[in-house]
Amino acid sequence: MQDLYRELILDHSRKPRHFGCLEDATHTADGINALCGDRLTLYVQVDDHGLIRRSSFDGSGCAISVASASLMTAAITGLHVTRAASCIDEIAARLTEGAASTGVSPELEKLVALDGVRRYPGRVKCATLAWRTLQAALNNAGTPATTE
Amino acid sequence: MIARAEMVNAHHWRADFPALDQSVHGNPLIYLDSAASAQQPASVIDTVARYQREDHSNVHRGVHTLSHRATEAYEGARDKIAGFINANSRTEIVLTSGTTESINLVAQSFCRPRLQPGDTIVISHLEHHANIVPWQLVCEQTGAELAVAPIDERGEIDVEAMLALIDDKTFLVGISHVANALGTICPVERIIEHARAREIPVLVDGAQAVPHMQVDVQALDCDFYAFSGHKMFGPTGTGVLWGREDLLDTMPPWQGGGDMILEVTFDRTTWNELPYKFEAGTPNISGVIGLGAAIDYLRDIGMQNVAAYENDVHDYMVAELAKVDGIRLVGEARRKASVQSFLLDDIHSHDVGTILDHQGVAIRTGHHCAMPVMQYFGIPGTARASLALYNNREDIDRLVAALQKAREIFA
Ligand SMILES: Cc1ncc(COP(=O)(O)O)c(C=O)c1O
């Protein structure tokens, strides 16, 4: 059990960082996990050079989805949007295809704490929700991201 | 009070269900999710397997032996269903894929051709999505309106308010017999009596009632009664719509195809008699035969015995859960069956579900296809433990111990 609910996960779920609305966001998207009713709104502020200046989220969800969103908003701040997009792919592969033994990009180091979800197939979607939502926000998709 | 002999027998009931005899994550499985779908006794599994091995063929069509056997078994199951709910006649038993299809059938075949703009369909705030969305669809198609009776903090329907909504504009009332998210036993008798006096038909969603209590559609005096096979120990993809014959008679078919016709020409097609008019295409033959076996199983035990035994475990569950520190029971109706929803501290129900699963305890988490109920309580979802005749008090003790563990992890 402790492989899933690691201290870092519990900490971020209890005290999510970057929680709240970002008034001057340039990109936003909603994410919905229809399975369990998790929903979050992601706010991203991208500057003229394509750098993510700030990001935040609000909404409600399980410990895994909140911690994932909290860790994500910390990780992507300062990244270029193209780099953020490749992070989405890396995380998705890591959580679903189990690239555990392979190394992780330095920006994503803390997200290794989410590796435990791989052993809980029902929970992978909780961990990927924030990242799917980021994808939708950066693509200006306009429709809510889902985990289906 | 339940006879001691039945208490003892309950242990035998559990042994009838092969799926319960396994470990999950190294712990003996405690299955507390029967409201979502119940396990099947060996007699159902074996009946279906025997049919597949020996008797499978299409029904109603062949002159050969296997077709005859398949038809006998399939139609035999219809007779069992009719007897089980005390239908007036087997022609009132329409076989469907489940409660969902049964309700959609009534919405599209009974309501849609007759609904006028301004008419209302009255339901309650407690309903499963299957008893909400089909009405929303038909309201959109016809300009009718959905009227929703309120509930209170206990999870009980405000009956007076519901009765007040039933007026001369009301075309039909839809109400669950037992609410799936909270376990509330709804006052269907009062609602039916009130509607009957105004000649307004009532559909009862019995998905959560049929597995737990004796249901007699004639005594209830409703007009339609819908339920699912897989919640009463039968196979998935089976369900029943019971309807009054005089109403079913006036309804057009809702799907066209084989089996539902008497004669087809390009000028004119005539419908088959009841209930086949509503059963287009090759049905779920093996599933229905399995459902027949499930009914045999329940009849052998006796629904009175099932209800008495389950009430005892239910009351124990409620009492024991109420003692858990940090728990908030959601749904405390005075009359309840088989279900308890709850929240634990501020731990998300999904996390509770995962931690319990790790200890072999299977519960359901989320909105339970009753999002309006969650909206009423202002919560995204609950954890829900639900019982069937194979559960016992020790299961509840295991549930409580597993919840303590969840509190430790999130302490
Ligand atoms: C009260 C109620 N109505 C309807 C349904 C829908 O049943 P099915 O999915 O078998 O069609 C359910 C199942 O969850 C239920 O509990």
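Going by a ≥ b ≥ c, the root eigenvalues of the Cα gyration tensor, does segment B:217-269 fall in the rounded group (a/c under 1.5), the prolate group (a/b larger than b/c) or the oblate group? Judged from the Cα gyration tensor, segment B:217-269 comes out oblate (a/c at least 1.5, b/c at or above a/b).
Per-residue mean of other chain beta-carbon atoms within 10 angstrom of the beta-carbon, peptide A:12-20?
The mean count of partner-chain Cβ atoms within 10 Å per residue comes to 1.
Against chain A, whose longest principal axis comes from its Cα atoms, helix A:124-138 is set at around 10 degrees. Per residue, the accessible area of segment B:45-300 comes to 40 Å² when a 1.4 Å probe rolls over the protein heavy atoms.
Of the residues B:313, B:337, B:298, the one whose Cα sits farthest toward the positive end of the charge dipole of segment B:296-343, with +1 on the Cβ of Lys and Arg and -1 on the Cβ of Asp and Glu, is B:337.
Charging the Cβ of each Asp and Glu at -1 and of each Lys and Arg at +1, and nothing else, the dipole of segment B:45-300 about its Cα centre rounds to 640 debye.
Here segment B:316-388 exposes an accessible surface that is 47 percent carbon and sulfur, computed with a 1.4 Å probe and the other protein chains kept in place. When accessible surface is computed with a 1.4 Å probe, chains A and B are found to bury approximately 1300 Å² between them, both chains counted.
With a 10 Å cut-off around each Cβ of A:58-70, the average count of Cβ atoms from other chains is 3. Between residue A:1 and residue B:320, the modelled label-to-label distance comes to 1.7 nm, taking each label 7 Å out from Cα in the direction of the beta carbon. By the Stokes-Einstein formula, at 0.692 mPa s and 37 °C, chain B with its Kirkwood radius over alpha-carbon pairs has D equal to 148 µm²/s.
Mind checking the per residue accessible area of segment A:2-138 for me, 1.4 Å probe, whole number of Å²?
That works out to 41 Å² per residue.
The accessible area of residue B:37, taken with all protein chains in place and a 1.4 Å probe, comes to roughly 30 Å². A loss of 40 Å² or more of accessible area (1.4 Å probe, protein heavy atoms, ligands and nucleic acids excluded) relative to the isolated chain is seen in these residues of segment B:335-365: B:348, B:350, B:351, B:354, B:358.
Split the accessible area of segment A:2-138 by element, probe 1.4 Å, and carbon with sulfur accounts for 53%. Near residue B:98, the amide H atoms lying under 5 Å from its own belong to B:239, B:240; only residues 5 or more places off or on other chains count, and H is placed 1.01 Å from N.
Run the numbers on segment A:123-137: which residues show a drop of 10 Å² or more in accessible area, chain on its own versus all protein chains together, using a 1.4 Å probe over heavy atoms? So the qualifying set is A:123. Ordering A:79, B:356 by accessible surface, largest first, gives A:79, B:356; the 1.4 Å probe counts only protein heavy atoms, with every chain in place. Phi-derived couplings, Karplus 6.51 cos²θ - 1.76 cosθ + 1.60 at θ = phi - 60°, listed residue by residue for segment B:350-357: 5, 5, 4, x, 5, 5, 5, 4 Hz, with x used for Gly and Pro.
In debye, nearest 20: dipole of segment A:2-138 around its Cα centre with unit charges on the Cβ of K, R (+) and D, E (-)? Walk me through the numbers on the way to the answer.
Values: 15 positive and 16 negative charges, 78 e Å.
For segment A:2-138, the charge dipole is close to 380 debye.
Summing charges over all other residues whose Cβ lies under 10 Å from the Cβ of residue B:355, with Lys and Arg as +1 and Asp and Glu as -1, gives -1. For residue B:336, nonlocal amide neighbours, meaning residues 5 or more places apart or on other chains whose placed amide H falls under 5 Å from its own, are B:185.
For the listed residue pairs B:80/B:231; A:125/B:336; B:323/B:405; A:125/B:231; B:80/B:277, the alpha carbons are over 23 angstrom apart in A:125/B:336; A:125/B:231. Across segment B:137-146, coupling constants 3J(HN,Hα) worked out from phi with the 6.51/-1.76/1.60 Karplus curve, θ = phi - 60°, read 4, 6, 5, 4, 6, 10, x, 6, 10, 9 Hz, and Gly and Pro carry x.
Taking the square roots of five times each eigenvalue of the Cα gyration tensor of segment A:34-96, the equivalent ellipsoid has semi-axes of 22, 15, 9 Å, listed largest first.
Dipole size of segment B:55-199 about its Cα centre, with +1 on Lys/Arg Cβ and -1 on Asp/Glu Cβ: approximately 640 debye, rounded to the nearest 20.
Here the Karplus relation 6.51 cos²θ - 1.76 cosθ + 1.60, evaluated at θ = phi - 60°, turns the backbone of segment B:82-91 into coupling constants of 4, x, 4, 9, 6, 6, 5, 7, 5, 5 Hz, with x for every Gly and Pro.
The values are calculated or read from the model by the stated rules, or taken from the named source; none is laboratory data. Not measured: the values here are computed from a predicted model. Cβ coordinates were reconstructed from backbone atoms using ideal geometry, including for glycine residues, and neighbour counts include every protein chain displayed. All accessible areas refer to the heavy atoms of the entire protein, side chains included, with ligands and DNA or RNA removed. Shrake-Rupley method; radii C 1.70, N 1.55, O 1.52, S 1.80 Å.
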